[in-house]
Protein chains: 2
Amino acid sequence: MLSEFLLAEMNRLGAQDALPLHRQLYEALRRAMLDGKLGAGERLPSSRDLAQDLALSRNTVVAAINQLSVEGYLASRVGSGTYVNDHVPRASGARALRGAPAQAPHRQAPRLSRRGEALAHRFSAHELEVQPFTPGIADFSAFPLALWQRLQNKHWRMTYPDMLDYNTSGGYAPLRRAIADYLRVFRSVQLEADQVIVTTGTQQSLELCARLLADHGDTVWVEDPAYWGAMKAFMANGQRVHPVATDDEGIRPTEADDAEPPTLIYVTPSHQYPTGEVMSLARRHQLLATARAHGAWVLEDDYDSEYRFSGPPISSLEGLDLDGRVLYMGTFSKVLYPGLKLGYLVVPKGLVEAFRQAHYDLHRPGHMPTQAALAEFIEMGHFASSLRRARQTYAERRQCLLEALGPVLGGEGPDAPRISGAEQGLHLCLRLPARIDDQAIAQRLAQQGLIVRPLSAYCLRRTDLRGLVIGYGYAALAEIRQCGPLIAAAVRKAVG
Amino acid sequence: MLSEFLLAEMNRLGAQDALPLHRQLYEALRRAMLDGKLGAGERLPSSRDLAQDLALSRNTVVAAINQLSVEGYLASRVGSGTYVNDHVPRASGARALRGAPAQAPHRQAPRLSRRGEALAHRFSAHELEVQPFTPGIADFSAFPLALWQRLQNKHWRMTYPDMLDYNTSGGYAPLRRAIADYLRVFRSVQLEADQVIVTTGTQQSLELCARLLADHGDTVWVEDPAYWGAMKAFMANGQRVHPVATDDEGIRPTEADDAEPPTLIYVTPSHQYPTGEVMSLARRHQLLATARAHGAWVLEDDYDSEYRFSGPPISSLEGLDLDGRVLYMGTFSKVLYPGLKLGYLVVPKGLVEAFRQAHYDLHRPGHMPTQAALAEFIEMGHFASSLRRARQTYAERRQCLLEALGPVLGGEGPDAPRISGAEQGLHLCLRLPARIDDQAIAQRLAQQGLIVRPLSAYCLRRTDLRGLVIGYGYAALAEIRQCGPLIAAAVRKAVG
């Protein structure tokens, strides 16, 4: 009987969700029609009968029936009652015929596209959990939250309606100016404030570059070993990633690489990710010459130059570029906190309008009050002091880690364990002889609860590199004191 | 003389930027070397001489020289002085030879890729300025800013470090639950909270779908007339956009369209953008059947159902879907404010893990404290009251606009001016006879400072539609009273 079905459905819905009664009845009647329990053209019980049978108020029933009528399920015939519409199709989607059996639905297989599969399964951040020694992660528990909160408050109170809207000028102007001033002074980037595009971080900066400067199928040179995040961005945009091996001076293209001419060249010259090597001056000029020969754009990802422990930061690659072919990107994720989602991309003058337009079209940039707070945070010197404090903290942790690893360094031969990349950033690389199984060491440490990354896992084509990529940004000093020796022990055991 | 050059450079740099003196000297010396004024292998003046000649402290000079040494420009020879390194290449990037002439740099032409050009020039939001009658824009000056600020404060104070990090679970769980509850009750979406992916808005939701469910070159059906924003997203991802004409029941695929089988079908069934038509129940079932026949995914963009003026919101298309092939997306941009950058995508269960992973990999989602504030804003009923107030405001403006346009409606024939889409949302469509030049009307109004959009401008392939798309969300009541009659007058003049 219809009432039994409706009651049962309403009980089920009522138990599962906080639906108002008229919605429960609406859903139950709809289900009845879709399942064929109320056939096309069939007359509905009167609202009074339904109200009595279902112990509902008349209003509730009328509300449900009205909604179903508006949506086309039911139709009233004056003086005759309410009928299920002739053309209400059944759940199967087949054209409704009276008495036609309901067909089984054809569930869409939850299958991804080829690109979706590639994105899902290659180089995924398996350990999405942040572990103390995860490379590249900063300890944002030291972030001056109270101060930041006061600044956000202040800018919220000052907020006029336009600040709640999208932005079309590449970011809040005072923030663009503050970023430009900082980059000019501390990274020797040649720029005016208008060339800054404020993004949500490196991933979005890469997106803009990959989309506007390259086509599907174009070749992108990346360093080998590589930063996965960049690879994903290029893969998602249909570009062909061509790995170019690095050495201790940085990316080193050979004639074989020139046979795969790039549209884009992605590099991390200040602190190669993950080996940490600094691109030498000579190599920088060679790279610019190579890029010129190919007519390629160079994407410089300067992700942690704020944390340099030996001497002032190395000048940017962009500062040497006279061709206007280097796009420089940075991020606040490691110097403030990741969830802030603020970074920047410096584009050559001729590209500013196109990048601003695309940034609006594809990303609809917002969060203007937060950008205003950050502009003040920088202008008032809080950014600089925050950096100084953070640098000290990380210097201590780095030192502690270096001391723990000291005993395994050195030894016979050119292949002996050594550290690379400790001059800067939030991670270093412990290089190991080519015969060592670094993945096995990482697994052994993982069983002890320590996640370090094997260097070979970052290699795309080359097979000669072994080592451990170890972060010290996130681990507390005590953890490093405790766990550093465990890492050293595992290495010593493997190296012999 | 070297000193003159250095002094001139430093003066220039000092006037232009707030560079510290040692950086000015660093830059000036670097420029001298790159320009060949200090040749490879040449000996530098002593730091005492430089200090005297340039009226600088010895420390300043030493700092600059040290940095240049670290970077490889200079080298010290014990007891002999400081020399320009042999291998310092010149600005031209050619291998440095003593005395080799500097070559002219090859400026990279600021040329976009083919995709970049297409993105920059087709369907760009020419009028990036928000004008009172721009369709689809809400008046966020009425947003309860003080309340929102208090909530944000509260959640900032409660913030523990993890809340400053990226999120990997598709969004802050209480917010996903609040969204799921809302959608279940008010939009008849079938879902559990885990199926919600919190995004930065519709553009990002479209990104995820286009990347994970379709490949480069795949066909996407869009409604004709179409929403430009969605077209841009599909174009950016290399998909082929195939327009399918709508009628007064929504998208109406024909056999000709079936000859271009889609991987994705993008629709706005609750309030077709821009005509405002509601997809009928019969047409909804037909669409699902068609999608099933093609094995296609359906992307339902439900962008303004919160604002319905005639009756409760029409149930979602997703609620009729038994195949698990409809992905439902919505946004808070029009019900809160655009710069908040929060929206949501509901994915079928089998796709949850893949979408969460890709969302993290490509977008690094953050802003958790804001998500927490929004969850409370919804749970405590502020969202509902904010909506109610907004609905009242918009109802008044809509009414006022309808009254102003009333005089031009009706008339002879089936082609007579009529309104479509006024039951819902923040815009309506004034449909005009096919003989009318709607772009000319829009231009005439633009000269009076009124921006309305001609309907024909949204048409991709069809040429039969004429009309004006007029927003009433942003214009104040007084503006509508004043300008509504001007729009009516321009229409009357054109229609005759």
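The values are calculated or read from the model by the stated rules, or taken from the named source; none is laboratory data. Keep in mind that what you see is a predicted model, and the values were worked out from it rather than measured. So basically every Cβ, Gly included, is an ideal-geometry build from the backbone, and we count neighbours across all protein chains shown. These accessible areas exclude ligands, DNA and RNA; they are computed on the full protein's heavy atoms, side chains included. Shrake-Rupley method; radii C 1.70, N 1.55, O 1.52, S 1.80 Å.
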> Right, residue B:327: assigned by TED's automatic domain parsing to the domain that holds residue B:191, touching a Cys at 6+ places or on another chain (Cβ under 7 Å), surrounded by 24 or more Cβ atoms within 10 Å (Cβ to Cβ) and not in a loop (DSSP other than H, G, I, E, B) or not?
Replying inline: yes
> Across the stretch B:404-414, what is the total count of residues that are open to solvent by 40 Å² or more (accessible area, probe 1.4 Å) and under 36 Å from the mean Cα position of the chain (by Cα)?
Replying inline: 1
> Condition test on residue B:375, is it assigned to a helix (DSSP H, G or I), open to solvent by less than 10 Å² (accessible area, probe 1.4 Å), within 14 Å of chain A (Cβ to nearest Cβ) and in contact (Cβ under 8 Å) with a residue 60 or more places away in the chain?
Replying inline: no
> Of all residues in the stretch B:390-403, which are more than 20 Å from residue B:143 (Cα to Cα), of a type outside the set (D, E, K, R) and surrounded by fewer than 20 Cβ atoms within 10 Å (Cβ to Cβ)?
Replying inline: B:399, B:400, B:402
> Assuming residue B:344 fulfils every condition listed in (1) within 7 Å of another protein chain (Cβ to nearest Cβ); (2) in contact with a strand residue (DSSP E or B) (Cβ under 8 Å, 6 or more places away or on another chain); (3) not basic (Lys, Arg) apart from one, which condition is it?
Replying inline: (1)
>> I'd like to verify a number: residues in the stretch B:294-315 that are open to solvent by 10 Å² or more (accessible area, probe 1.4 Å), modelled with pLDDT under 95 and on the phi < 0 side of the Ramachandran plot, how many?
In response: 8
> Taking interchain pairs and intrachain pairs at least six residues apart, which have beta carbon atoms under 7 angstrom, with the first residue in the stretch A:199-214 and at the interface with chain B (Cβ under 8 Å from one of its Cβ atoms) and more than 16 Å from residue A:326 (Cβ to Cβ) and the second of a type in the set (D, E, K, R) and open to solvent by 10 Å² or more (accessible area, probe 1.4 Å)?
Replying inline: A:200/A:341; A:201/A:341; A:201/B:364; A:203/B:364; A:211/B:115
>> With more than 21 Å from residue A:8 (Cβ to Cβ) and more than 14 Å from chain B (Cβ to nearest Cβ) as the only criterion, which of A:76, A:57, A:47, A:69 stands out?
In response: A:76
> For residues in the stretch A:153-162 being at the interface with chain B (Cβ under 7 Å from one of its Cβ atoms) and open to solvent by less than 40 Å² (accessible area, probe 1.4 Å), which is nearest to residue A:470 (Cα to Cα)?
Replying inline: A:153
>> I'd like to know if the stretch B:281-291 contains one or more residues that are more than 20 Å from residue B:347 (Cα to Cα), open to solvent by less than 10 Å² (accessible area, probe 1.4 Å) and of a type in the set (S, T, N, Q).
In response: no
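A quick yes/no check of all residues on (1) open to solvent by less than 30 Å² (accessible area, probe 1.4 Å); (2) in the same structural domain as residue A:12 (by TED's automatic domain parsing); (3) modelled with pLDDT of 75 or more; (4) out of contact with any Phe, Trp or Tyr (no Cβ under 6 Å at 6 or more places or on another chain):
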residue: A:46; (1), (2), (3), (4): no, yes, yes, yes
residue: A:53; (1), (2), (3), (4): no, yes, no, yes
residue: A:59; (1), (2), (3), (4): no, yes, yes, yes
residue: A:91; (1), (2), (3), (4): yes, no, no, yes
residue: A:95; (1), (2), (3), (4): no, no, no, yes
residue: A:99; (1), (2), (3), (4): no, no, no, yes
residue: A:103; (1), (2), (3), (4): no, no, no, yes
residue: A:113; (1), (2), (3), (4): yes, no, yes, yes
> So which residues in the stretch A:304-362 are among the hydroxyl-bearing types (Ser, Thr, Tyr) and under 30 Å from residue A:139 (Cβ atoms), if there are any at all?
Replying inline: A:305, A:307, A:310, A:315, A:316, A:328, A:331, A:333, A:337, A:344
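Residue by residue, here is whether (1) of a type outside the set (Asp, Glu); (2) in a strand (DSSP E or B); (3) more than 9 Å from chain B (Cβ to nearest Cβ); (4) farther than 30 Å from residue A:184 by Cβ holds:
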{"site": "A:233", "(1), (2), (3), (4)": "yes, no, no, no"}
{"site": "A:266", "(1), (2), (3), (4)": "yes, yes, yes, no"}
{"site": "A:274", "(1), (2), (3), (4)": "yes, no, yes, no"}
{"site": "A:277", "(1), (2), (3), (4)": "no, no, yes, no"}
{"site": "A:289", "(1), (2), (3), (4)": "yes, no, no, no"}
>> Given the options A:26, A:83, name the one that is in a helix (DSSP H, G or I) and among the aromatic types (Phe, Trp, Tyr).
In response: A:26
>> I'd like to check something: does the stretch A:133-146 contain any residue that is at the interface with another protein chain (Cβ under 7 Å from one of its Cβ atoms) and touching a Lys or Arg at 6+ places or on another chain (Cβ under 8 Å)?
In response: no
>> Would you confirm whether or not the stretch B:464-486 contains a residue that is among the acidic types (Asp, Glu) and either free of Cβ contacts under 8 Å to residues at least 40 places away in the same chain or in contact with a strand residue (DSSP E or B) (Cβ under 9 Å, 6 or more places away or on another chain) (or both)?
In response: yes
